[in-house]
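The values are calculated or read from the model by the stated rules, or taken from the named source; none is laboratory data. In this text the structure is predicted, and so the values were computed from the model without any measurement. Cβ atoms come from the backbone with ideal geometry, glycine included; neighbour counts cover every protein chain shown. What goes into the accessible areas is simple: the full protein's heavy atoms, side chains included, and nothing from ligands, DNA or RNA. Shrake-Rupley method; radii C 1.70, N 1.55, O 1.52, S 1.80 Å.
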Amino acid sequence: MGFWIELSELLRNFGFAAAGAVGAWLAFMRLRPASAQASAATEQAELAQRNLSHRLFRDATNDLGAENLEVRVAALFVLDNLSADYPLMDYAAIQVISAYLRRRDQTYDSQNPPIDVVTATSIIEERLTLDGNTS
């Protein structure tokens, strides 16, 4: 009689182990699509962020040619923020700001330069200081 009790307990324990293994496998199979969906959502968010930064960069570059002084200064601040937030855009933003300063055909008093020139030079100076490229 003791043999049959031990055998039934052994079979019961194996049954529980098998049920646990099947349950774990089912849970894993259920989580796989959720993990793939989360990964796809992360990729979409990164792509949307990259597209936004590129659009902001393009718009700011276009706005540097605006007639309105406030629009040009805002574009300079956008380029500065983009270069701070996205290190890969830092070089391009500094090159655009430098080109903006080089192509200015207006003459001005060196004691009182326009605010867009002051802003552009301070951005470049700040970036060079942050990069450690000051001389």
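Quick notes on this one:
- Accessible solvent surface per residue of the chain, calculated while the other protein chains remain in place, 1.4 angstrom probe, Å²: 74
- Farthest towards the positive end of the charge dipole of segment 85-135, among the residues 100, 130, 119, is the Cα of 100, using unit charges on the Cβ of Lys, Arg, Asp and Glu.
- When +1 charges are put on Lys and Arg Cβ atoms and -1 charges on Asp and Glu Cβ atoms, the dipole computed for the chain relative to its Cα centre reaches about 600 debye.
- Using only side-chain charges placed at the Cβ, +1 for Lys and Arg and -1 for Asp and Glu, the dipole size of segment 65-129 relative to its Cα centre rounds to 200 debye.
- Most mobile of 109, 63, 80 in a GNM of the chain (Cα contacts under 10 Å): 109
- Of the options (i) 31.3, 110; (ii) 21.9, 62; (iii) 30.5, 121, only one is Rg and Dmax of the Cα atoms in Å as computed from these coordinates, and that is (i).
- Portion, in percent, of the accessible area of the chain that falls on carbon or sulfur, probe 1.4 Å: 59
- Counting only alpha carbon atoms, the long axis of helix 69-85 and the longest principal axis of the chain meet at about 40°.
- Dividing the mean sequence gap of close Cα pairs (under 8 Å, 6+ apart) by how many residues segment 10-99 holds gives a relative contact order of 15 percent.
- Compactness of segment 18-75 as Cα Rg over 2.2 N^0.38 Å, two decimals: 2.28
- Angle in degrees between helix 2-63 and the longest Cα principal axis of the chain, rounded to the nearest 10: 10
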